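First comes the structure, then the notes that go with it.
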Amino acid sequence: MSRCLSKYIDVVISYICRMNILLLGSGGRESAFAWKISQSPLCKHLFIAPGNAGTSAYGENVGLSLNDFKSVGRFVLENNIHLVLVGPEEPLVNGISNYFDKDEKLREIPVIGPGEEGARLEGSKTFAKAFMRRHYIPTAASQSFSKVSLSEGLAYLQSHPLPLVLKADGLASGKGVLICQTLEEAEAGMIGMLQEDRFGQAGSTVVVEQFLEGTELSVFVLTDGNSHKILPSAKDYKRIGEGDTGLNTGGMGSVSPVPFADEDFMKKVEDTIVTPTIGGLRIDQIRYKGFIFIGLMNVNGEPFVIEYNVRMGDPETQSVLARIESDFVELLMGVAEGNLKERELRISSKAAATVVLTSGGYPGKYIPGKVISGIENVRDSLVFHAGTRVEDGQVLTSGGRVLAVTSLQDTLFDAVQQAIADAGRIYYDGRYFRTDIGADMLD
Ligand code: AMP
Ligand code: GLY
């Protein structure tokens, strides 16, 4: 067959295979997903539910509630959706994939994201710890206690080296982790969770964990349940203040790649963590199609798992996707069809940096509804919307994390400089962003 004819056939096939895709979520991560998906010739129509003021540039926002599976399912069938990508963890932990599996018609529509069982890797830290122990995956030593074992827990703290880490077992929006420097803090933390219901149901079991000293990074894995692809590594900056000080947030910025995650280190990550994780899921007969976000601590060159998430990170996704050159929908199809191994993942050698702009007062109380201006002045970055909405043609703030500015440049230094400069070109009352994103990686 002539090359010309085979190319023509490829074009025809890809046209026929064009898909309607439903993306669930409304944050900066979903804006980045929407941006990337909309570039694919395989995407016919993209719906984002519920989306935000920015996602409508890449597809059609639809007013669905993420945890109302019945409405989501009905929308999928009525709109001839071929693939569903789930952004945040909550619908996964609540079983959206299982809901689709149980329905005769919906069963045919692939959902990118694990079922309830797999989502427990994020939904229960006790489950994740037991999984890692069972499959010999390196992680900090730990022990779990519940309301009925409170006194044993308090006794256990007495002999535990300090500092130590207390973690609410369930989903606590990133707030359920306490690093305790003193025994008094640890006791108060445990009593707060187990007796005073400080984190509600999420804290009804508490994990006491050894403190790991090192540098953190995030590794993202895409899997069809058999094979996997490791996406670009990234590091996020969680705290509100410069120098990573102050209160924890959803994430104030990110960079990719992480310079210390070199080939040797990533080989250790793949051999001791990624492969045993995918293998462990198979051994435990947990069907898993989707992303695994592994929070790691580099302790003197050795990787340890701090946590699993069953989704991509925010704002890591913005930096990670900026560096993926291959067709992202192709990769998602590889997951859906179980042939991810045959799909290509091409990663740019350039570096990406993301700076998150927040509402004044975040992560505490803030006043939404501020008019955003200056996005058109951004020179060489992508602007991903997060907490925004449109009213009377104006873009207004509507959340704590408002926008994410992502720049892709030849060096990490240039990417960081550009993202910070472009963040400064955007204005609204109370605007705040950190100017030291990536600074610790630049020495
Ligand atoms: P997690 O919600 O498990 O990611 O924990 C939130 C943050 O607490 C992490 O990003 C780390 O900065 C810190 N952390 C969690 N576990 C440990 C640990 N075992 N040792 C040191 N720091 C930890
Ligand atoms: N950036 C951390 C997270 O998405 O959980």
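Values quoted throughout were computed directly from the atomic coordinates according to the rules given, and no laboratory measurement underlies them. Since the model is a prediction, treat every value here as computed from it, not as a measurement. So basically every Cβ, Gly included, is an ideal-geometry build from the backbone, and we count neighbours across all protein chains shown.
Within region 37-58, the set of residues being of a type outside the set (Ser, Thr, Tyr), under 21 Å from the mean Cα position of the chain (by Cα) and closer than 20 Å to LEU331 by Cβ comprises ILE37, GLN39, LEU46, PHE47, ILE48.
Note on region 275-288: among residues that are in a loop (DSSP other than H, G, I, E, B) and in contact with a Leu (Cβ under 9 Å, 6 or more places away or on another chain), the one that is nearest to GLY400 (Cα to Cα) is TYR288. Let me confirm something: among GLY170, GLY174, GLY243, which residue is within 27 Å of the chain's Cα centre (by Cα), under 26 Å from GLY400 (Cβ atoms), in a loop (DSSP other than H, G, I, E, B) and more than 13 Å from ligand 1 (Cβ to nearest atom)? So the residue among GLY170, GLY174, GLY243 that is within 27 Å of the chain's Cα centre (by Cα), under 26 Å from GLY400 (Cβ atoms), in a loop (DSSP other than H, G, I, E, B) and more than 13 Å from ligand 1 (Cβ to nearest atom) is GLY243.
Within region 307-328, identify whether any single residue is more than 30 Å from TYR432 (Cα to Cα), away from ligand 2 (no atom under 16 Å from the Cβ), surrounded by 14 or more Cβ atoms within 10 Å (Cβ to Cβ) and touching a residue at least 60 places away in the same chain (Cβ under 8 Å), and answer yes or no. Write out each step before concluding.
First, pick out the residues of region 307-328 that are more than 30 Å from TYR432 (Cα to Cα): 325-328.
The next check asks that each one be away from ligand 2 (no atom under 16 Å from the Cβ); those that pass are 325-328.
Subsequent filtering for residues that are surrounded by 14 or more Cβ atoms within 10 Å (Cβ to Cβ) retains 326-328.
From the residues that got through so far, the ones that are touching a residue at least 60 places away in the same chain (Cβ under 8 Å) too are 327-328.
Yes: region 307-328 contains one or more residues that are more than 30 Å from TYR432 (Cα to Cα), away from ligand 2 (no atom under 16 Å from the Cβ), surrounded by 14 or more Cβ atoms within 10 Å (Cβ to Cβ) and touching a residue at least 60 places away in the same chain (Cβ under 8 Å).
In region 292-319, of all residues being part of a strand (DSSP E or B) and in contact with a Gly (Cβ under 6 Å, 6 or more places away or on another chain), the one that is farthest from ligand 1 (Cβ to nearest atom) corresponds to ASN298. On the stretch given as region 222-240, residues that are more than 12 Å from ligand 2 (Cβ to nearest atom), among the charged types (D, E, K, R) and part of a strand (DSSP E or B) total 1. Set side by side, the residues VAL258, VAL219 differ, and just one is in a loop (DSSP other than H, G, I, E, B), hydrophobic (A, V, I, L, M, F, W, C) and within 16 Å of ligand 1 (Cβ to nearest atom), which is VAL258.
Just to verify a result, which residue in region 288-306, among those that are closer than 17 Å to LYS341 by Cα and more than 11 Å from the chain's Cα centre (by Cα), is surrounded by the fewest Cβ atoms within 10 Å (Cβ to Cβ)?
LYS289
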